[in-house]
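Derivation of every value follows stated rules applied to the coordinates shown; laboratory data play no part. Computed from a prediction, not measured in an experiment: that's the story for all the values here. Every residue, glycine among them, receives a Cβ derived from its backbone with ideal geometry; neighbour counts consider all protein chains shown.
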Amino acid sequence: MIQKIGVIGAGQMGNGIAHVCALAGYEVVLQDVNREQIDKALQTISHNMDRQIGRHAIEAAQKAAALGRIHVTDRIEDFADVDLVIEAASEDESVKRKIYAALCPLIKKETLIATSSSSISVTRLGSTTDRPEKFMGMHFMNPAPVMQLVELIRGIATDEATFREIRELTIKLGKTPANAEDFPAFIVNRILLPMINEAVYTLYEGVGSVEAIDVAMRLGANHPMGPLQLADFIGLDTCLNLMQALYEGLADSKYRPCPLLVKYVEAGWLGRKSQRGFYDYRSEVPVPTR
């Protein structure tokens, strides 16, 4: 039975997952090698819970109790007594492999491991651990406190008991699980990223401006956010990495990243996080860059 959850990585995904787990009543150990990142994560969690209070989604007492359940550390050794570790480190397979190599000897033999990877093969990642049958994908959508979906991905070695326990946890967290097979980018990103990439091609080929493309999809397809605005929110480097994973993993030319997307990433225009992407965010009102 899962009672204590370890989260590796205190970035955007990790702090969101810790937030959700703590609010649902679980003890959480949030670990990151960067102490500054840990402090920033706690501030972000507190701020996001304040926003939930403002929307009357939670009460102040729930925030106080949840924050009291989050224990932060820069030591991976502090996962010794957790029942589940959710790895939310950067989307770099070599980094994840190093984490598992350090983690596995320290945790209980019955502890489950989940990765929140958005594109890397769960089977391949699980094979680098000492417990592939207790390893699976648990892909939270970003931002985790707001988005209702969690994709559950079994590797070829994942056993039924592990899958059932993680599915039950997902529901207890107030999320809706969707089962996905272990193919590149799973379900959501397999469908979403080619749409974003096609929007960039539409811009690249001069069919429409940034503003025209986003307005067209918001009003013509009833999307809450235009595809180029969404790309900026996700991060253009992340979009490019996902498209490259699809292109390499499925060997189909329809997944070829648009050259303009590559150029923006090469320029360091990564979207909101770098203040420039398809929009320039350095003034009060975002301005299209093309």
Could you figure out which of (1) touching a Pro at 6+ places or on another chain (Cβ under 9 Å); (2) under 19 Å from Ser117 (Cβ atoms) isn't true of Ile191? (1)
Is it the case that the range 80-88 has a residue that's closer than 25 Å to Tyr26 by Cα, free of Cβ contacts under 8 Å to residues at least 60 places away in the same chain and not in a helix (DSSP H, G or I)? yes
Test of understanding: among Ala245, Ala267, Ala231, which residue is surrounded by 18 or more Cβ atoms within 10 Å (Cβ to Cβ) and either within 16 Å of Leu203 (Cα to Cα) or over 17 Å from the mean Cα position of the chain (by Cα) (or both)? Ala231
If you take the residues in the range 197-226 that are acidic (Asp, Glu) and under 25 Å from the mean Cα position of the chain (by Cα), which one is farthest from Pro259 (Cα to Cα)? Asp214
For Ile38, state whether it is free of Cβ contacts under 8 Å to residues at least 60 places away in the same chain, in a helix (DSSP H, G or I) and of a type in the set (Val, Ile, Thr). yes
